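**Q** Dropping a structure here in structure tokens format, bear with me for questions.
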């Protein structure tokens with residue numbers, strides 16, 4: 001008798017309710033995090049212009065500390081939605097050969113460079129680009145792409161014109177950046193390359209998985225982290241935002257319980273040969 005291979009369930013971590021920054025040792029504008037045996041520091045000068053990373057973004061860093069995480073040494077990596085440089089700093093510290101930090105927010109570049117230098121890392125291995133992912137045209141492809149897309153649904157009532165908006169809120173019901181990343185992946189990621197994504201359950205995880213597995217990408221969940229929906233920043237518009245999320249949940253496009261949701265640390269590997277589209 002042939003037995004099917006045993007599938008191990010992804011690690012699950014539950015952050016305490018009602019607490020902010022549970023994965024950080026300090027915050028909100030300066031934090032310390034542990035990554036692969038290194039103690040790294042991250043800061044932002046103006047949290048309204050460049051968002052200090054939330055637990056949603058940091059959950060992917062935590063997942064990459066696991067035994068099943070990919071080797072980062074020597075990779076040529078693209079950090080989509082770099083923000084303050086959380087992933088760029090971590091990748092360079094872990095031995096990435098080159099990192100390109102891409103963000104639509106012009107303030108991101110200076111903050112990312114500052115954080116790279118603060119940690120004593122080689123800034124000559126870093127390239128910062130200000131551009132929407134849809135318009136970005138690199139010279140060649142990347143071994144690894146990493147991203148934590150904005151995942152909250154857009155509404156004119158709480159729309160803002162600053163870096164906080166671009167980091168947290170996305171059109172298309174919170175799916176705009178996810179769809180843009182998926183659409184560009186075959187041109188950005190080298191065959192056999194890896195996409196690492198912090199994917200919010202508020203933004204239709206099954207859709208992203210189906211889109212990429214349909215192209216032959218292998219999918220693996222490194223870790224699932226349960227946490228509070230980041231409503232404090234939008235306290236005046238909490239009811240509006242929750243109303244939009246409930247509409248998406250009723251349509252099967254969001255998953256949350258009360259004010260709690262999950263972030264899935266997903267790893268996709270592009271096939272060596274294209275499956276066709």
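**Q** If you take the C-alpha gyration tensor of the chain, multiply each eigenvalue by 5 and take the square root, what semi-axes do you get, largest first, in whole Å? Numbers along the way, then the final one.
**A** Values: eigenvalues 128, 117, 75 Å².
The equivalent ellipsoid of the chain has semi-axes of 25, 24, 19 Å.
**Q** In deg cm²/dmol, rounded to 500, what helix-only [θ] at 222 nm does the chain give when every DSSP H run of at least 4 residues adds -39500 (n - 2.57) and the total is split over its residues?
**A** Computed mean residue ellipticity for the chain: -7500 deg cm²/dmol.
**Q** Sorted by packing (mean other beta-carbon atoms within 10 Å per residue), highest first, where do 50-56, 168-174, 74-80 land? Write out the running numbers ahead of the final one.
**A** Values: 50-56: 24.9, 168-174: 19.0, 74-80: 23.1.
Per-residue Cβ counts within 10 Å, averaged per peptide and sorted highest first, yield 50-56, 74-80, 168-174.
**Q** Describe numerically, in nm with one decimal, the distance between label points set 7 Å from Cα along Cα→Cβ at residue 141 and at residue 235.
**A** Between residue 141 and residue 235, the simple spin-label model gives 4.8 nm.
**Q** Based on the Cβ-Cβ distance from residue 30 to residue 220, what FRET efficiency comes out when R0 is 30 Å, to the nearest 0.05?
**A** Numbers: r = 33 Å, r/R0 = 1.10.
Computed FRET efficiency for residue 30 and residue 220 comes out at 0.35.
**Q** Hey, what does the equivalent ellipsoid look like for the range 1-152, semi-axes from the Cα gyration tensor as sqrt of 5 times each eigenvalue, largest first, whole Å?
**A** Numbers: eigenvalues 132, 88, 48 Å².
Semi-axes (√(5λ), whole Å): 26, 21, 16.
**Q** Roughly how compact is the range 148-190, stated as its Cα Rg over 2.2 N^0.38 Å to two decimals? Walk me through the numbers on the way to the answer.
**A** Working: Rg = 11.8 Å, N = 43, 2.2 N^0.38 = 9.2 Å.
Normalised Rg, Cα atoms only: 1.28.
**Q** Round to the nearest 0.05 the FRET efficiency obtained for residue 211 and residue 8 when R0 = 35 Å and r is the Cβ-Cβ distance. Don't skip to the end; give the middle numbers.
**A** On the way: r = 24 Å, r/R0 = 0.70.
Calculated transfer efficiency: 0.90.
**Q** Starting from the Cα gyration tensor of the range 150-277, multiply each eigenvalue by 5, take the square root, and state the resulting semi-axes largest first in whole Å. Mind showing how you got there, number by number?
**A** Details: eigenvalues 163, 46, 31 Å².
Ellipsoid half-lengths, sorted descending, are 29, 15, 12 Å.
The numbers here are math on the coordinates, done by the rules we state, and not lab data. What you see is a predicted model; the values in this text were computed from it and never measured. Reconstructed Cβ throughout: ideal geometry from the backbone, glycine too, with neighbour counts over all protein chains shown.
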